[in-house]
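Here the structure comes first, spelled out in structure tokens, and everything after it is commentary.
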Amino acid sequence: MDDRIWPPQALLEVSNGYWQTCALHAAVKLDLFSPLDDQVLCVEDLAAAIGADRDGLERLVNALVAMGLLRKVDRGVTCASSAAAFLSRRSCRYLGHIILHHHQLMESWNHLDIAVTSGRPVRARYAGDDPQWRKNFLLGMSDMAMLLAPEMVGKIDLGGRRRLLDLGGGTGAWAVHFCRKNSGLEAIVYDLPPTRPFAEQTIARFELEDRVSFVAGDFLETKITGRYDVAWLSHVLHGEGPQEVRTILKKTASVLEPGGLLLIHEFVLDDDLSGPLFPALFSLNMLLGTSEGRAYSSRQLFELLREAGFRKPRRLSPGLPGPSTVIAATI
């Protein structure tokens, strides 16, 4: 393959691309989009609504207009349709929590050179269990699941499966959608104790308390309880090194019935580890925040699955939006 041509302007656009990122993050932090999702406001009224300086806000508004997130109407400003759909807190498709989580990561990315030279993380996992950090992380993961799951669960055949383990399931969004799609399915969301209130709120929101429940535990430190015929591991393995992944897979295998199905949802690298771009960058993100976490290739995951006793590892092609991949295997 020929080397990609990088003209100077393209290099500079990558170098200053964080300016747009920061403008978006600031707007979400200020909750700028919610007051504008169904009305036109002048800058003065918007500044009063969100408690901002008029001149500073006008500059941010102009940048957001240039980015296509806001529209100017007469002497006022309002949301573009996509901004109203995904950036207003009034929307059921709100993605603000994951954007705030990305904002939380920015400081560590500023020290990527230190992580690369030392081989050690430069931020605490879960930021030392800071409640707001964890909230943005958990609700951000839920935002993404709510975006992907309605389309995705219908493309994964769970016919005849009766009991699902959503390991490291966070708010339970995936478990909820699998159960909504499969009327005979029950699910356990297994995650750390601080996650319980977020999961129970999600389960109650969809009125599935009779079919989805939460079990608190650390799957690396304690035994996983129960028996299941399908396990769902969504963005769990990338947080751990190969030895911890072996432990997780062996523990998962131990609670699956014979013929049980394991589904791994991850950002998966090519076998030479040099792409696609998002998983390659995501692996750097794991370097910044974990001692051994990383993105894995299909080949690496297949080998780890076979070591744990799984058979027929394979990639599914459910037509996912974004860079995620699903790998399936049976025990």
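What follows draws every value from the coordinates through simple rules; no lab data is involved. Everything numeric here is computed off the predicted structure, so don't read it as measured data. When we count neighbours, we look across all protein chains shown, and the Cβ atoms used for this are built from the backbone with ideal geometry, even at glycine.
Some observations on this one:
- Listed values (1) 28, 55, 17, 0; (2) 32, 62, 7, 0; (3) 35, 61, 4, entry calculated as P(r) over Cα pairs in 20 Å bins from 0, in percent: (1)
- Over the Cα atoms of the range 263-331, the radius of gyration divided by the Kirkwood radius equals 0.98; this is the Rg/Rh ratio.
- Close amide-amide hydrogen proximity is noted between ALA187 and LEU164, VAL212, SER213, each under 5 Å apart and 5 or more residues distant or on a separate chain (H modeled in the peptide plane; Pro and chain starts excluded).
- Two numbers describe the Cα atoms of the range 214-331: Rg and Dmax, which are 13.9, 39 Å.
- ALA48-LYS223 FRET efficiency (beta carbon distance; Förster radius 56 Å; 0.05 resolution): 0.50
- Residue list for the range 1-37, given a label point 7 angstrom along the Cα-to-Cβ vector of ARG205 and an amide N cut-off under 18 Å: 34
- Close amide H partners of ALA295, meaning residues 5 or more places away or on another chain with modelled amide H under 5 Å apart, are SER283.
- Sequentially through the range 58-68, phi angles give Karplus couplings (6.51, -1.76, 1.60; θ = phi - 60°) of 4, 5, 5, 4, 4, 5, 5, 5, 4, 7, x Hz, Gly and Pro residues having no value and appearing as x.
- Nonlocal amide H pairs with LEU70, under 5 Å, H built at 1.01 Å: VAL65, ALA80
- Check: the range 86-131 dipole with +1 on Lys, Arg Cβ and -1 on Asp, Glu Cβ, in debye: 280 debye
- Length released on extending from GLU151 to ILE114, taking residue separation times 0.36 nm less the Cα-Cα span: 9.3 nm
- Förster-model FRET efficiency, 41 Å R0, ARG315 and ASN16, C-beta, rounded to 0.05: 0.65
- Beta-bridge orientation, the chain: approximately 45 percent antiparallel, per DSSP, counting only bridges with both partners inside.
- Judged by the ratio a/c of the largest to the smallest principal axis of the C-alpha gyration tensor, the range 61-107 counts as oblate, that ratio being 1.5 or greater while a/b is no larger than b/c.
- FRET efficiency estimate (nearest 0.05) - Cβ-Cβ, ARG71 to LYS250, R0 35 angstrom: 0.05
- Helix axis angle, 242-255 relative to the chain longest principal axis, alpha carbon, degrees: 60 degrees
- In the elastic network of the chain, a GNM with C-alpha springs shorter than 10 Å, the most mobile of GLU44, GLU200, GLU151 is GLU44.
- Model label sites at ASP270 and ALA26, defined 7 Å from Cα along the beta-carbon direction, differ in position by 3.8 nm.
- Dividing the radius of gyration of the alpha carbons in the range 1-117 by their Kirkwood radius gives 1.06 for Rg/Rh.
- In order along the range 84-95, the phi-based Karplus estimate (6.51 cos²θ - 1.76 cosθ + 1.60, θ = phi - 60°) of 3J(HN,Hα) comes to 5, 6, 10, 10, 8, 5, 7, 8, 6, 9, 4, 10 Hz; Gly and Pro are listed as x.
- Gyration tensor verdict on the range 76-203 (Cα atoms; rounded if a/c is under 1.5, prolate if a/b is larger than b/c, oblate otherwise): oblate
- Helix-only CD estimate at 222 nm, as mean residue ellipticity for the chain, using -39500 (n - 2.57) per DSSP H run (n ≥ 4): -14000 deg cm²/dmol
- Rounded to whole numbers, the Karplus 3J(HN,Hα) couplings from phi for the range 19-36 are 4, 5, 4, 5, 5, 5, 4, 4, 5, 5, 4, 7, 6, 5, 7, 4, x, 9 Hz, using 6.51 cos²θ - 1.76 cosθ + 1.60 with θ = phi - 60°, and x at Gly and Pro.
- Selected from TRP109, TRP19, TRP133 as most flexible by GNM, with the chain as the system and alpha-carbon contacts under 10 Å: TRP19
- Exceeding the 32 Å Cα-Cα cut-off - candidates LYS29/LYS250; LYS29/LYS251; LYS29/LYS155; LYS181/LYS223: LYS29/LYS250; LYS29/LYS251; LYS29/LYS155
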